[in-house]
Amino acid sequence: MSGPTHFDLVVIGGGLGGIAASLAAARLGLRSALVCESDWIGGQVSSQCIPPDEHPWIESVGCTRAYREFRNRVRDFYRRNYPLNSVARATALLNPGSGNIGPLSHEPYVAHLVLEEMLAPWISRGLITVLREHRAVAASTDHDAITAVLVRGADGSERELTGHYYLDATDLGDLIDLAGAEHVVGAESAADTGEPHALPGPADPMDQQAITWAMVLSRHPGTDNTVERPAEYDIWRTYQPPEWPGPLLSWELSDHITHRTRTRPLFVDHVSDQGIRYDLWHARRVLDAGHLDAHLPGEHQDGGAPNGSLASAHPWSDVTVAAWPMMDYSRLPLVGVDEATARAALASARQLSLSFLYWMQTEAPRHDGGVGYPELRPRGDLTGTADGLAKMPYIRESRRIQAEFTLLEQHIGVRARAGLEGAETFPDTIGVSAYRIDVHPSTTGRPTIDIDTWPFQIPLGSLLPVRLRNLLPAAKNLGATHITSGACRVHPGEWTVGESAGALAAFCVRRGLRPTQVRARDTALAEFQSMLTHTVGIELHWPRYEALAPRHRFGYVTPAPALNGTPS
C-alpha cells in the first residue's frame with residue numbers, strides 16, 4: 001500500500017473519539033493517520049447504528065465547538081436533501097426522527113456522510129490520512145514509549161505506522177492491550193475504589209457490560225418481511241437472564257432503576273403529558289415520516305407508477321433503530337478471553353438480535369390485537385449490510401488505562417456526594433461531560449446500575465497512562481472505573497475525550513513537552529487550557545446550576561437535581 005507511513009499522530013479507531021482527535025490535530029497543523037476498522041467512519045453513531053445519547057443541556061452548553069458543528073451539519077443535511085414540510089423546516093432544533101431518547105435522532109448513514117464531509121478538506125490538504133477497513137494487529141515499544149504500530153487491511157495487506165503520539169480510540173482499547181499498557185478490565189472492588197456501587201467482594205475482570213447488535217427497521221403495513229428463522233432462535237426464545245422477570249424475548253423487562261417488572265411494548269396508543277410515546281418504536285426513531293412532504297424535489301408526479309403516483313407507490317415510512325434492552329447480550333465477555341470465545345460472543349449477539357426480530361414478526365402480541373408484526377422490514381440499505389443489522393456491535397465498556405488520576409463515583413454521583421452541590425471540580429480540567437451512570441447487565445449476571453450524576457469535568461490526569469509516555473486514550477478507555485465509565489461512554493463525552501487527546505498531543509509536539517509535564521507545570525497547564533478554550537473550542541467548566549433552565553436541570557423524566565434519561 002502506497003502513501004506516508006510517518007505521522008505526528010497515529011490514531012487507532014475511527015469512531016467519534018478518533019475523528020475528533022484527528023480533526024483537532026489537523027486544525028492545529030499536525031498530520032495524523034486515522035485507522036478505522038469499518039468502511040464507515042463514526043463508530044457508535046454510524047457503523048454501530050446508535051443515534052446520539054446526549055445530556056439534557058446539549059442544545060446550549062456541555063459540548064465542544066466541533067461536536068456542535070457535527071450536530072448542526074446533521075440538521076443542515078436533512079434541510080438540504082430531504083423534502084421537509086413547512087413545520088419541520090421552520091423548526092430550529094430539528095429532530096429528524098423525533099426519537100425520545102434525545103433531541104437529535106438521525107439515520108446512521110447520514111452521520112457517516114456528515115463526518116466524511118467534515119474530514120474531506122483535511123484529507124485533501126494531506127493532514128488526515130484515513131485507512132478504512134484496517135485494524136491494529138501489533139505494536140512495538142522501546143522502554144516506556146510506543147515506536148510503531150502494525151495495521152492490517154481487510155485484504156490482508158499490512159503497513160507499519162510511526163508517529164510522535166499514538167492514540168487509542170478503539171471500542172475495546174485494542175492499542176492499550178497491544179502496547180502492554182497497564183490497564184483495568186471489568187469491575188473493580190469497593191475495597192480498591194471506595195465506590196458505593198463497586199463490587200463488595202474482589203474485583204472481577206469478567207464482569208463486563210452487555211453489548212448490543214443494533215438494527216434499523218421500518219414498518220410497511222400489508223407486507224410480509226419475515227426473516228429466516230435464526231439458528232439460535234429456540235435458545236433465545238426460552239432464555240431468561242438472571243435479573244429478568246421472564247423470557248428475554250418479551251415485552252416485559254426489568255426496569256433499569258428499580259429492577260421491577262415493567263412492560264415496554266413496540267407501540268403504545270397513549271401520549272404522555274410531554275407529548276412522548278414511551279414505547280420501543282419511538283425511543284430511537286431516526287426518521288419521522290410526519291416531517292416529510294410526499295414528493296422529493298424534482299420528482300415526477302406520476303413517476304411511471306401504475307396508479308399514476310410514485311409517492312403513493314413508495315410512501316415515506318418511519319425508520320427506527322432497534323437497540324433495546326431485550327437485545328442486550330451478556331452471556332460471554334469480549335475482553336480477557338481467547339479469540340474463539342470472543343468470536344462466539346459476537347456471533348451469538350447477532351443471533352439474539354435476529355431472534356428478537358423474528359419473535360416480533362411472528363409471535364409478539366400486537367398493540368392492536370393479534371400476533372406478530374410481519375410488516376417490520378430490516379433496512380440493510382440503510383446500514384450497508386445484507387440483514388439490516390449494524391456493521392459492528394455497540395460496545396459499552398472498554399479496557400481502561402491505569403491513569404495518573406481515576407474518575408470515581410465519589411466525584412460525580414449525586415448520592416455518593418450527599419450534601420455537596422455539584423460534581424468534584426478539577427484544576428486540570430480538559431473538558432466537560434454529563435450522563436447518568438448507566439451500567440447495563442453484566443456478563444456475570446449482575447443487573448443494571450443506574451445512578452443520578454452531576455454534570456462533571458474530565459481531568460487531564462485521567463488521560464495520562466501511568467507509564468507509557470506517548471500513548472493517550474481517545475474514547476471510552478480513559479482512567480475511569482466500571483461504574484463511572486457508564487457516564488463517559490456516550491457520544492458527546494467520547495468526542496470530548498478524543499478531541500482533548502488530539503489537542504494535547506499537538507500541544508506537546510509543538511512545545512516539546514510530555515503530557516505528564518503539561519499536568520505537572522502550572523504555566524504549561526494554563527497555556528494548554530487556554531488553547532483548548534480559545535483555539536479549539538472546548539468548554540472546561542459547567543455554568544452554575546441555577547443558571548440552567550429548570551426543565552433541563554430536572555432532566556427528561558424524574559424530577560431530581562441531576563441528569564435523568566433513558567438507558568442506552
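Could you tell me how far the Cα centroid of region 177-234 sits from the Cα centroid of region 483-502, in Å?
Answer, in whole Å: 18.
Ignoring ligands, DNA and RNA, what percent of the 1.4 Å accessible area of the chain is carbon and sulfur?
Numbers: 10850 of 21300 Å².
Using a 1.4 Å probe with all protein chains present, the chain comes out at 51 percent carbon and sulfur.
Provide the gained length on full extension for the span residue 387 to residue 243, in nm with one decimal, where the gain is 0.36 nm per separating residue minus the Cα-Cα distance.
Extra length available between residue 387 and residue 243 comes to 48.9 nm.
Residue 93 to residue 263: FRET efficiency via 1/(1 + (r/R0)^6), r the Cβ-Cβ distance, R0 35 Å, to the nearest 0.05? Walk me through the numbers on the way to the answer.
Working: r = 31 Å, r/R0 = 0.89.
It comes to 0.65.
Report the Rg/Rh value for region 425-512, based on alpha-carbon coordinates and the Kirkwood definition of Rh.
Values: Rg = 14.2 Å, Rh = 13.9 Å.
Checking Rg against Rh, the ratio lands at 1.02.
May I have the extent of the alpha carbons of the chain along their three principal axes, as whole Å values ordered from largest to smallest?
Principal extents (Cα only, largest first): 70, 55, 52 Å.
Per residue of region 509-520, what does 6.51 cos²θ - 1.76 cosθ + 1.60 with θ = phi - 60° give for ³J(HN,Hα)? Whole Hz please, x for Gly and Pro, Karplus curve as stated.
Per-residue couplings from phi come out as 4, 5, 9, x, 10, 9, x, 5, 6, 4, 6, 7 Hz.
Spelling out what I want: for every residue of region 131-147, take phi, set θ = phi - 60°, compute 6.51 cos²θ - 1.76 cosθ + 1.60 (Karplus), and round to whole Hz; glycine and proline get x.
9, 7, 6, 10, 8, 6, 10, 7, 9, 9, 10, 9, 6, 10, 9, 7, 10
Nearest-5 percent of antiparallel DSSP beta bridges in the chain? Intermediate values should be presented prior to the final figure.
On the way: 42 of 63 bridges.
For the chain, the DSSP antiparallel bridge percentage is about 65.
Taking 0.36 nm per intervening residue step and subtracting the Cα-Cα distance, what contour gain separates residue 224 from residue 534 on full extension?
Using 0.36 nm per residue and subtracting the Cα-Cα distance, I get 106.0 nm.
Accessible area per residue for region 79-150 in Å², computed with a 1.4 Å probe and the full protein assembly in place, what is it? Present the calculation step by step, with values, prior to reporting the outcome.
On the way: 3060 Å² over 72 residues.
Here the residues of region 79-150 average 43 Å² of exposed surface.
State in Å² the accessible area per residue of region 324-409; use a 1.4 Å probe, count heavy atoms of protein chains only, and round to the nearest integer. Don't jump to the answer; show the numbers that get you there.
Values: 2970 Å² over 86 residues.
Accessible area per residue, region 324-409: 35 Å².
Quick one: Karplus J couplings for region 82-99, per residue in order, coefficients 6.51, -1.76, 1.60, θ = phi - 60°, nearest Hz, x for Gly and Pro?
10, x, 4, 6, 4, 5, 5, 5, 7, 7, 4, 9, 4, 10, x, x, 6, x
Three principal axis extents, largest first, for the C-alpha atoms of region 1-156, in Å?
Here the spans come out as 58, 33, 29 Å, largest first.
For region 314-452, take the convex hull of the Cα atoms, compute a quarter of its surface area, and give me that in nm², please. Walk me through the intermediate numbers first.
Numbers: hull surface 55.0 nm².
Averaging across all directions leaves 13.8 nm² for the Cα convex hull.
When the helices in the chain are scored as -39500 (n - 2.57) per DSSP H run of 4 or longer and the sum is shared across all residues, what 222 nm value do you end up with, to the nearest 500 deg cm²/dmol?
Numbers: 16 runs with 146 residues, N = 568.
Mean residue ellipticity at 222 nm (helix-derived): -7500 deg cm²/dmol.
Hull surface divided by four, with the convex hull built on the Cα atoms of region 216-287: how many nm²?
Computing the convex hull of the Cα atoms and averaging its projections yields 6.9 nm².
Could you work out the pair-distance distribution P(r) of region 118-257 from its alpha-carbon pairs, with 10 angstrom bin width and percents rounded to whole numbers?
Using 10 Å bins, I get a P(r) of 8, 20, 24, 24, 20, 4, 0 for region 118-257.
Which angle from 0 to 90°, rounded to the nearest 10, does the C-alpha axis of helix 65-81 make with the longest principal axis of the chain?
Roughly 30 degrees, rounded to the nearest 10.
Can you tell me how much longer the chain between residue 514 and residue 154 gets when fully stretched, taken as 0.36 nm per residue apart minus their C-alpha distance, in nm with one decimal? Before the final figure, lay out the partial values.
Numbers: separation 360, 0.36 × 360 = 129.60 nm, distance 3.45 nm.
The residue 514-residue 154 span can extend by a further 126.1 nm.
Could you provide, to the nearest whole Å², the per residue accessible area of region 435-515 with probe 1.4 Å? List each step's numbers first, then the result.
Numbers: 1360 Å² over 81 residues.
Ligands and nucleic acids excluded, the figure is 17 Å² per residue.
The values are calculated or read from the model by the stated rules, or taken from the named source; none is laboratory data. All figures in this text were calculated on a predicted structure; none of them were measured in a lab. Don't worry about glycine lacking a Cβ; one is built from the backbone with ideal geometry, like all the others, and counts go over all protein chains shown. Note: accessible area is taken over every heavy atom of the protein model, side chains too, but ligands, DNA and RNA are not part of it. Shrake-Rupley method; radii C 1.70, N 1.55, O 1.52, S 1.80 Å.
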